[in-house]
Amino acid sequence: MRVAPYGAWQSPITAAVVAKAGVRFEDALTVESGSVYWVESRPHEGGRSVMVRRDPDGAIHDVTPGGGNTRSRVHEYGGGAYAVAGGVVFATEFADQRIYRLEAGTAPVAITPEPPMPSGLRYADMAVADEWMICVRETHRAEGEPLNDLARVPLDGSGPPATVTSGHDFYASPRISPDRSRLAWLAWDHPNMPWNGTALWVADLDAAGAITGEPVHIAGGPDESIYQPTWAPDGTLLFASDRTGWWNVYRAGDDGPDPLHAVAGDVGIPQWVFGTSRFAPMPDGALLEVVTSPEGVRLYLVEVDGTVHDVPAPGTWIGATLAVAGSAAHLVAGSPTRFPELVRVEIPAGATAVLRSLEPLEVDPGYVSTPEHVTFDTPDGPAHAYHYPPSNPQYAGPEGEAPPLVVIGHGGPTAATRTVLDPAVQFWTSRGIAVLDVDYGGSTGYGRPYWERLAGTWGIVDVRDCALAARSVSARGAADPERLAIRGGSAGGFTTLAALAFTDVFSAGASYFGVADLELLAAHTHKFESRYLDWLVGPLPDAEAVYRERSPMHGVDGISCPVILLQGLDDRVVPPEQAEVMASALRERGVPVAHITFPGEGHGFRAAENQIRALEAELSFYGSVFGFTPAGNIEAVRLE
């Protein structure tokens, strides 16, 4: 075993390998007539999203035509970009946001009209009946924010879409009852996000898919989040509510919601994208649940009589969608030592078959760093993180020396870490750099009170928890306290920049499309998150002073360590001007800074060449700051 400086170790997990591993399952699973459908992102095909089908005989086919891109831009984050009915696929094309009918052997046919402005009419979250579908529609205008509603679209494209219901700021999850007589949906209004508060509505439908009579409010409101309305085969309406502090499943009844299974865990996730699902009714009336809690993820089968069975889970991490067909569940699962795979699980026995593996490489187990769950104290109570120590069978660090540590602040900020084998983490640990992935106060999977720690405190609680987590790990000798870096994308980029501005814990920071100026974000971000800051920071104009106090841009005098800023120039969520103003302010103060931009990229880098460039630039940056020379032919980053 060779002794070499931490960070300088040679690793087979290169940036190119990480980009190859960037192929991800990214949209809802559907099972029809034995065929399984999903969407996967492909960095080496320009970052496009491709719909895929696996037939009962195991044959796998691309459904999206060559060069096509099945991806919705509703809310900018999309999801729910397709539906399947009778073997016919209906999919949103990213280029123009129209819905196309895709049938084998024929050219795609648009069933929604050409929008008056490019990508001006967007569709997602489709529920198909016999001759029409009901879906979420987002109409963009030359002036003012987009309009959102539910629209009815003829499947043959014979007429323009018609409004089904409107009047709220946002809609999601239109679901048609088995007998086609009722429609359920979710709606919410500014300033709420869907995890803050949503309302569940039901209305009668006529044969043409139009609402008759007045919609009925079933559950939810400004302070209760409803998730995933679902019709059981017998016409019962099921949904998840977080009224107890956890998303649990309820049945709609004449006397109000009836709880089906009280559990100290979440049967739900934040609705950043459309089409997610964490429970599904079985044909015999039982209920299958994916439950996330501080103890991990579990699969439960709830019988009609209330008996609960613990189903063997196919991994320690389960993806955002679940589909049931017959006695089998279909889901994406992985673990800290296994890449995510599409699997079929027999219920209740738990026997598992792999249907689709996107494993990018055969990894020698010696290169795989498995995480340790770290709990650390904060003024609000315990918080959580996952520590990945360096791991490489060919190398050891110098005796008596601790490794550098990269702290990751996840995006959202209402989201959570992914404890699944990820080459983007192993890229660092296999080179001798430890990683600490922090579920700071505000993260989900620990109950509503935990994520509500961030109410009005964004830029304080997240920053504090990342700093405390780093100090906790370095205090026990697992990291060099003089070589602590912090990185993150989007909201995680804001946490990164704020940690550099308002603490003295970190010696370097990498911000991917991060927020530098909160007032600028409030003025220029997209509709979905345009009032998110009301909850995270405070409503304007009353909280104007707080916005300035919390903005890294206005705390730049507190930054003395080098910073790298990586930004897509087509980003509509965190516009490029955020990185521009931050880079300019750091230059004026004489702080070393690298500002790298990526034309054609939005909020997240999808093309392989850009993923490679960004990761290698970040590695070079850490080498220049922490005093090591990265192994391999890595292009050096110039710090201004």
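The values are calculated or read from the model by the stated rules, or taken from the named source; none is laboratory data. Keep in mind that this is a model prediction, so the values were computed, not measured. Every residue, glycine among them, receives a Cβ derived from its backbone with ideal geometry; neighbour counts consider all protein chains shown.
Answer yes if at least one residue in segment 443-456 is without any contact (Cβ under 8 Å) to a residue 60 or more places away in the chain, surrounded by fewer than 20 Cβ atoms within 10 Å (Cβ to Cβ), within 26 Å of Ala516 (Cα to Cα) and not assigned by TED's automatic domain parsing to the domain that holds Ile269, and no otherwise.
Step one: list which residues in segment 443-456 are without any contact (Cβ under 8 Å) to a residue 60 or more places away in the chain, which gives 443, 450, 452.
Among the residues that remain, those that are also surrounded by fewer than 20 Cβ atoms within 10 Å (Cβ to Cβ) are: 452.
Imposing the further condition that a residue be within 26 Å of Ala516 (Cα to Cα) reduces the set to 452.
The next check asks that each one be not assigned by TED's automatic domain parsing to the domain that holds Ile269; those that pass are 452.
Checking segment 443-456: at least one residue is without any contact (Cβ under 8 Å) to a residue 60 or more places away in the chain, surrounded by fewer than 20 Cβ atoms within 10 Å (Cβ to Cβ), within 26 Å of Ala516 (Cα to Cα) and not assigned by TED's automatic domain parsing to the domain that holds Ile269.
Gln228 satisfies every condition listed in (1) modelled with pLDDT of 95 or more; (2) not in a strand (DSSP E or B) except (2). Just checking, does segment 170-190 include any residue being surrounded by fewer than 15 Cβ atoms within 10 Å (Cβ to Cβ) and in a strand (DSSP E or B)? Among the residues of segment 170-190, not one is surrounded by fewer than 15 Cβ atoms within 10 Å (Cβ to Cβ) and in a strand (DSSP E or B), which makes the answer no. Here Pro403 qualifies as in contact with a Pro (Cβ under 6 Å, 6 or more places away or on another chain), in a loop (DSSP other than H, G, I, E, B), at pLDDT 95 or above and closer than 20 Å to Glu482 by Cβ.
Consider segment 538-582. How many of its residues are without any contact (Cβ under 8 Å) to a residue 24 or more places away in the chain and either closer than 22 Å to Ala485 by Cβ or of a type in the set (Asp, Glu) (or both)? Before you say what the answer is, go through the steps one by one.
As a first pass, look at segment 538-582 and keep what is without any contact (Cβ under 8 Å) to a residue 24 or more places away in the chain: 540-543, 545-546, 549, 576, 580.
Within this subset, residues satisfying the condition of being either closer than 22 Å to Ala485 by Cβ or of a type in the set (Asp, Glu) (or both) are 542, 549, 580.
Counting residues in segment 538-582 that are without any contact (Cβ under 8 Å) to a residue 24 or more places away in the chain and either closer than 22 Å to Ala485 by Cβ or of a type in the set (Asp, Glu) (or both) gives 3.
Among the residues making up segment 167-182, those that are at negative phi and within 27 Å of the chain's Cα centre (by Cα) are His168, Asp169, Phe170, Tyr171, Ala172, Pro174, Arg175, Ile176. Glu145 meets the stated requirement of being surrounded by fewer than 19 Cβ atoms within 10 Å (Cβ to Cβ), part of a loop (DSSP other than H, G, I, E, B) and in contact with a helix residue (DSSP H, G or I) (Cβ under 8 Å, 6 or more places away or on another chain).
Would you say Asp55 is loosely packed, with under 15 Cβ neighbours inside 10 Å, among the charged types (D, E, K, R) and in contact with a Ser or Thr (Cβ under 7 Å, 6 or more places away or on another chain)? Taking the combined requirement at face value, the residue satisfies it.
Of all the numbered requirements in (1) more than 26 Å from the chain's Cα centre (by Cα); (2) β-branched (Val, Ile, Thr); (3) crowded, with 21+ Cβ neighbours inside 10 Å, Val574 misses one, and that requirement is (1).
In segment 496-544, the residue that is surrounded by the fewest Cβ atoms within 10 Å (Cβ to Cβ) out of those that are acidic (Asp, Glu) and over 24 Å from the mean Cα position of the chain (by Cα) is Asp542. With respect to (1) of a type outside the set (Lys, Arg); (2) modelled with pLDDT of 95 or more; (3) in contact with a Gly (Cβ under 9 Å, 6 or more places away or on another chain), the lone exception for Glu103 is condition (2). Summed over segment 74-116, residues that are within 20 Å of Val573 (Cα to Cα), of a type in the set (A, V, I, L, M, F, W, C) and buried (at least 16 other Cβ atoms within 10 Å of the Cβ) total 3. Each residue in segment 148-169 was checked for being more than 19 Å from Asn192 (Cβ to Cβ), small (Gly, Ala, Ser) and surrounded by fewer than 18 Cβ atoms within 10 Å (Cβ to Cβ), and 4 pass.
Select the strands (runs of 3 or more DSSP E) contained entirely in segment 271-341, then report the ones holding at least 1 residues which are surrounded by 15 or more Cβ atoms within 10 Å (Cβ to Cβ), β-branched (Val, Ile, Thr) and not assigned by TED's automatic domain parsing to the domain that holds Thr198.
Working: elements: 279-281, 287-293, 296-302, 308-311, 317-325, 328-335.
Ranges flagged: 287-293, 296-302, 308-311, 317-325, 328-335.
In segment 577-592, which residues are buried (at least 19 other Cβ atoms within 10 Å of the Cβ) and under 11 Å from Leu521 (Cα atoms)? It would help to see each step written out before you state the result.
Filtering segment 577-592 for residues buried (at least 19 other Cβ atoms within 10 Å of the Cβ) gives 578-579, 582-583, 585-586, 591.
If the condition is that a residue be buried (at least 19 other Cβ atoms within 10 Å of the Cβ) and under 11 Å from Leu521 (Cα atoms), then Gln578 is the only one that fits.
For segment 457-484, the set of residues classified as crowded, with 20+ Cβ neighbours inside 10 Å and part of a loop (DSSP other than H, G, I, E, B) consists of Trp458, Gly459, Ala479, Arg483, listed by residue number.
Taken over segment 27-45, the residue count meeting the criterion of being in contact (Cβ under 8 Å) with a residue 60 or more places away in the chain and closer than 21 Å to Asn610 by Cα is 4.
A count restricted to segment 148-167 and to residues that are in contact with a Pro (Cβ under 8 Å, 6 or more places away or on another chain), farther than 17 Å from Phe90 by Cβ and part of a loop (DSSP other than H, G, I, E, B) stands at 0. Just to be sure before I move on: is Asp377 over 22 Å from the mean Cα position of the chain (by Cα), modelled with pLDDT under 95 and either surrounded by fewer than 17 Cβ atoms within 10 Å (Cβ to Cβ) or of a type in the set (Asp, Glu) (or both) in the structure I sent? Answer is no for this residue.
Residue-wise test of (1) touching a helix residue (DSSP H, G or I) at 6+ places or on another chain (Cβ under 6 Å); (2) closer than 29 Å to Pro194 by Cα.
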residue	(1), (2)
Pro413	yes, yes
Thr419	no, yes
Val425	no, no
Trp428	no, no
Thr444	yes, yes
Gly447	no, yes
Tyr450	no, yes
Leu454	yes, yes
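Look at segment 583-604 and say how many of its residues are over 22 Å from Glu26 (Cβ atoms) and touching a residue at least 12 places away in the same chain (Cβ under 8 Å). Outline the logic, then answer.
Restricting attention to segment 583-604, the residues satisfying the condition of being over 22 Å from Glu26 (Cβ atoms) are 583-597, 599.
Then keep just the ones that are touching a residue at least 12 places away in the same chain (Cβ under 8 Å); that gives 583, 585-587, 589, 591-597, 599.
Residues that pass the stated criteria total 13.
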